[in-house]
Structures are given as structure tokens and as C-alpha cells.
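Report on the following structure.
The values are calculated or read from the model by the stated rules, or taken from the named source; none is laboratory data. Treat the numbers as computed from the prediction; the structure is a model and nothing was measured. No Cβ is skipped: glycine too gets one built from the backbone with ideal geometry, and neighbour counts run over all protein chains shown. When the accessible area is computed, the model is the full protein with side chains, heavy atoms only, and any ligands, DNA or RNA have been set aside. Shrake-Rupley method; radii C 1.70, N 1.55, O 1.52, S 1.80 Å.
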Amino acid sequence: MYKRVEYHIIKKRLEEPRRFVQVVMGARQIGKSTVVKQVLNDLTIPYMLFSADNVPATNSAWITDCWAAVRSLKESKGYESIVLVIDEIQKIANWSEAVKKEWDNDTFYDRNIKVLILGSSRVLLERGLSESLAGRFEEIRMGHWSYSEMKECFGFSLDRYIFYGGYPGAASLIGDDDRFQQYIQSSIIDATINKDILMDTPIGKPALLRQAFELGAAYSGELLSLTKMLGALQDAGNTSTLAGYINLLDESGLLCGIQKFGIDMVRRKASVPKFQVYNNALKTVYNTSTFENSILDRKVWGHIFESGIGAYIVSQAFVHRFEVFYWRERNYEVDFVLRKRGSSVAIEVKSNAEKRTDGLERFRQLFNPQSSFIVGDGGINAEEFLTMDISKLF
């Protein structure tokens, strides 16, 4: 079975002496549980695996029960160490308080119980980690499947990856557009919005949240002001409400609103966002054209291509913790500006020979980035870029 790079990271961490709670986080349907099960099968250390999927959210005692079972097994079998794994832990209310209590109890009594928790709601995981578990955990961030992974595991061509994205569960369905779209809609979009967002976050206008995602995904890779966006939505609210919903969609690994690069933080936050999906399947599921017809239409394919490159960038940004912006000044524009620890990288995506790239030169003059280049015609080809470790650019 194919093993992602995170397999080796998780396995190494669990084989180390007990130091921190290990937290695996990432969007839905990217293989978190599968990777963890692969690691557990290859460990020499005994383990117990629990899932909170069907546990009532108010039953916080369930976590204590899991811990008690692991402690009993460790004592009765005389194990030197054991691994406790809890999946979808964010579904339990006040989960972080319960984990903190049990972890600290093990620490006090020198019980060698290693803990791995994972979940699909980044927002709920990060909220719990910051509230109760500060100094007690390490994150292992998993992004969407890259072109290299989809090619090696499923034989995807570059064009198919750009169009269909990187969801492993949908790879076998790309020959049937109806089944592919149904999987993306039900297993990813509906599940994330209905289970990860609406069930756990007070939302005044659920219909607006859903419409905002659909419109933002359809315009992925393009600038669209929140005011104009509200004008296109039926259940309109105000721009601050809409901005809050976009933030929730970002934290759930579906869609982000990239802000304009600038020195002034206030002006940056007030800028027109550039919408970008984390996986291009979330854009093309709203595409009325087939894969074959989209490739033949230069304008349609240009938007899909630029969104596909952007999806890889923002997914890598989540894993490697760098910021992503766009830049525009009068007629000059740069598609993506990456920033980490004071260093910046400028990237222009060129899907056809007609697109101007003089914005890149203007950006170099103004900001002196560490590196700047074109992806596409006249620069690094898309296949090379999509196999590049972006974190090494800084």
C-alpha cells in the first residue's frame, strides 16, 4: 500500500521517548486515518485505537474511559509502553481539557503512555490545542495529495491532476463525471460544511455560508470583492459576516481568501480577496465543461490551470507554515507572493503566451524578493513546479 511522507514522520515520533501529545490534522478525505493505521500496523509498540465518530458530543467522560482501558491493558500485560490513538477527537465537547487532565496524570505517575490524536476539523483542533494543551503537543500537518503522489499511486497525468485535483478516494471515479461530482459534493463539501462547521460553530446564515463557498470555488484563482460577492448571493448578509464565513471555510481546508501583499497590515486586510480552493476538484466540480472540452478551451483551461497551481501553493502553505498573498499595483500584478520569516518569493502563473508578466519585474524593483519566477509558458513548467518542495525556496 502507498505510504505518504507523513507515515515516516508519525512512525518516528511514536518510536521516540514520550514527550508530547502528537496531533495529526488536515482536511477531510486526505488519508489521515489510513496513514495512522499503516503506522500502527508497523509499530512494535502495542496500541489501542478509538474513534469518536459515533460518540455523543457531550460525553466527555468517554475520553477518560479510553484512557482507563489503555492503563488497564498496560498494567495487566506488563507493557513498558503503549500508544493511545483517538480519531475524530474534535467531536467531543471540551476534549482538550480531558486530554490535558489524563496526560498530566500519566506524566505525574510516570506512565509511559504515548498519545496520538487526529481530526478533520482544523479549527476545532487548533482551538482546543491553544486553550488547554499549550506546551504539551506537536502538530503533524497533512496537506492534500500532490501531483507526485497522485501520479505514483494512481497514474494521474499532469492535466488530469490539474482538473480532478488530489483526493485519493475520487481517483477511481474520474472516468464517470457524475460519480466523481457526487463523491466530491457528498463526501467532502457536504460533510465538511454540515459536520465540521455547522454542527460546531454558531452560524446565523447557513445558506449564505454554502453559497459563499460555491461562488468562491467557482471563481478560484480570481479576484472578487466581498461587496460584489454579496450582490451575487441570494441570502445576503454583510461583508464582515461573509469574511467570517470565508475564514471558517479556510480553517476547514476548503477555500481561502488570499489577501493583497503590502507593508501596511490594515490596508492588506481591507483588500479585495483572491479566492483559492485547497484542492482543484472543489473548483471543477462546479465546471459545466468536461475534462476534454475544458482542455480545448484556452480561456477555461487558463482559469483551471492557475487555480490548480494555487491549490498546490496554499496546501503547501498549511503544511510548511508560510503565508500566501497576491500583489497588484495599477496595471502590474503578481499571482502569488509567499512569505516566511521575512523572506518573500514572487510567482507568476502563465497559462498562455498572451499573458503579461511585467508585474514580476516591477515587484522585484519594489520589494527585492529572495526569488521570483514564472510557472508555465516561458518559465518553470507546471510538472516541475508541482513536484518542487516549496519550503526550500525560503
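What residue, among those in the range 1-28 that are aromatic (Phe, Trp, Tyr) and in a loop (DSSP other than H, G, I, E, B), is farthest from residue 112 (Cα to Cα)? Outline the logic, then answer.
Of the range 1-28, the ones aromatic (Phe, Trp, Tyr) are 2, 7, 20.
Now drop any that are not in a loop (DSSP other than H, G, I, E, B), which leaves 2, 20.
Details: 2: 31, 20: 11 Å.
Per the criteria, the residue is 2.
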Check on residue 310, part of a helix (DSSP H, G or I), open to solvent by less than 30 Å² (accessible area, probe 1.4 Å) and in contact with a strand residue (DSSP E or B) (Cβ under 7 Å, 6 or more places away or on another chain): yes
Taking the range 271-315 as the region of interest, how many residues are over 14 Å from residue 258 (Cα atoms) and polar (S, T, N, Q)? 9
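Looking at the structure I just gave you, is residue 375 more than 17 Å from residue 259 (Cα to Cα) and either in a loop (DSSP other than H, G, I, E, B) or open to solvent by less than 30 Å² (accessible area, probe 1.4 Å) (or both)? Give the steps one after another, and end with the answer.
On the way: more than 17 Å from residue 259 (Cα to Cα): yes; either in a loop (DSSP other than H, G, I, E, B) or open to solvent by less than 30 Å² (accessible area, probe 1.4 Å) (or both): yes.
Yes.
Within the range 121-128, identify whether any single residue is open to solvent by 50 Å² or more (accessible area, probe 1.4 Å) and in contact (Cβ under 8 Å) with a residue 60 or more places away in the chain, and answer yes or no.
Within the range 121-128, the subset open to solvent by 50 Å² or more (accessible area, probe 1.4 Å) is 126-127.
Still in the list and also in contact (Cβ under 8 Å) with a residue 60 or more places away in the chain: 126.
Yes, some residue in the range 121-128 is open to solvent by 50 Å² or more (accessible area, probe 1.4 Å) and in contact (Cβ under 8 Å) with a residue 60 or more places away in the chain.
Quick grid of which residues meet (1) aliphatic (A, V, I, L, M); (2) surrounded by fewer than 18 Cβ atoms within 10 Å (Cβ to Cβ):
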position	(1), (2)
187	no, yes
191	yes, yes
198	yes, yes
202	no, yes
206	no, yes
211	no, no
223	yes, yes
239	no, yes
242	yes, no
Please pick out the residue among 196, 200, 190, 297 that is among the acidic types (Asp, Glu), closer than 27 Å to residue 91 by Cβ and modelled with pLDDT of 85 or more. 190
Is there a residue in the range 313-329 that is part of a loop (DSSP other than H, G, I, E, B), under 26 Å from residue 26 (Cα atoms) and either open to solvent by 30 Å² or more (accessible area, probe 1.4 Å) or of a type outside the set (Lys, Arg) (or both)? yes
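Residues of the range 358-372 being crowded, with 16+ Cβ neighbours inside 10 Å, closer than 18 Å to residue 306 by Cβ and of a type outside the set (Ser, Thr, Tyr), which ones? First the steps, then the outcome.
Here is the first cut: in the range 358-372, the ones crowded, with 16+ Cβ neighbours inside 10 Å are 359-360, 362-363, 367, 369, 372.
Right, trim to closer than 18 Å to residue 306 by Cβ and you get 359-360, 363, 372.
Matches in the range 358-372: 359, 360, 363.
Restricted to the range 338-364, and to residues that are of a type in the set (A, V, I, L, M, F, W, C) and closer than 14 Å to residue 302 by Cα, which residue is modelled with the highest pLDDT? I'd like the intermediate steps shown before the answer.
First, pick out the residues of the range 338-364 that are of a type in the set (A, V, I, L, M, F, W, C): 338, 345-347, 349, 353, 360, 363.
Right, trim to closer than 14 Å to residue 302 by Cα and you get 349, 353.
Details: 349: 95, 353: 62.
Here the answer is 349.
At least 3 residues that are without any contact (Cβ under 8 Å) to a residue 24 or more places away in the chain and not hydrophobic (A, V, I, L, M, F, W, C) in each: list the helices (runs of 4 or more DSSP H) lying fully within the range 145-236 that qualify.
On the way: elements: 147-154, 158-164, 177-183, 206-218, 226-232.
So the answer is 177-183, 226-232.
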It is to be established whether one or more residues within the range 31-40 are open to solvent by 10 Å² or more (accessible area, probe 1.4 Å), at pLDDT 90 or above and hydrophobic (A, V, I, L, M, F, W, C). no
Residue tally, condition open to solvent by 60 Å² or more (accessible area, probe 1.4 Å) and assigned to a helix (DSSP H, G or I), over the range 55-92: 5
So residue 391 fits all but one of (1) assigned to a loop (DSSP other than H, G, I, E, B); (2) of a type in the set (Ser, Thr, Tyr); (3) at pLDDT below 95; what number is the exception? (1)
